[in-house]
Amino acid sequence: MPETYKVLARGQVTAATTAVYNPAAATQAIVKQISFAASGGAANFAVTVGATTPRAFIPATPLATGEWAEWEGSLALQNGDALNVTVPAAMTVDYVVSGVEIT
């Protein structure tokens with residue numbers, strides 16, 4: 001099956017740590033871009049990778065309401081991995097995760 005560049009996940013995180021993307025069973029993924037937009041509140045957000053023992057990926061990054069940030073590169077994830085976004089109670093962040101799934 002050919003791999004196609006696509007949106008892997010999109011949504012909103014409010015006042016919590018949320019797993020925003022987990023590859024499905026028997027699937028691996030290469031995340032190529034993550035976009036963040038602060039749609040409410042101003043504070044720091046952070047991104048970790050891993051389900052059982054999350055590791056820092058994008059350290060605490062400040063965003064004010066209406067500001068945005070992007071990460072672009074290559075991040076390999078396998079089934080059981082999680083891409084997590086953490087925001088404080090005073091903040092809401094919208095996100096889009098793009099890349100390729102490999103089955």
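For segment 68-78, which positions are surrounded by 13 or more Cβ atoms within 10 Å (Cβ to Cβ) and over 9 Å from A29 (Cβ atoms)?
A69, W71 - these are the residues of segment 68-78 that are surrounded by 13 or more Cβ atoms within 10 Å (Cβ to Cβ) and over 9 Å from A29 (Cβ atoms).
F36 - would you say it is touching a strand residue (DSSP E or B) at 6+ places or on another chain (Cβ under 7 Å), under 21 Å from S74 (Cβ atoms) and of a type in the set (F, W, Y)? Steps first, answer last, please.
Numbers: touching a strand residue (DSSP E or B) at 6+ places or on another chain (Cβ under 7 Å): yes; under 21 Å from S74 (Cβ atoms): yes; of a type in the set (F, W, Y): yes.
When the stated conditions are applied, F36 passes them.
Listed here are the residues, each with its yes/no results for (1) among the aliphatic types (A, V, I, L, M); (2) farther than 12 Å from V20 by Cα.
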site: A64; (1), (2): yes, yes
site: S74; (1), (2): no, yes
site: L77; (1), (2): yes, yes
site: D81; (1), (2): no, no
site: A89; (1), (2): yes, yes
site: Y95; (1), (2): no, no
site: G99; (1), (2): no, yes
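Identify the residue in segment 77-103 that is assigned to a strand (DSSP E or B) and more than 13 Å from the chain's Cα centre (by Cα) and, among all such residues, is nearest to R55 (Cα to Cα). First the steps, then the outcome.
So the first thing to find is which residues in segment 77-103 are assigned to a strand (DSSP E or B), and the list is 77-78, 83-86, 92-102.
Pick out the ones that are also more than 13 Å from the chain's Cα centre (by Cα) and you get 78, 92, 100-102.
Numbers: Q78: 15, T92: 22, V100: 22, E101: 22, I102: 23 Å.
Looking at residues that are assigned to a strand (DSSP E or B) and more than 13 Å from the chain's Cα centre (by Cα), I get Q78.
Every number in this text was worked out from the coordinates using simple rules, so none of it is lab data. Just so we're clear, the structure is a prediction, and the values are computed from it rather than from any experiment. FYI the Cβ positions are ideal-geometry reconstructions off the backbone, even for glycines, and counts take in every protein chain you see.
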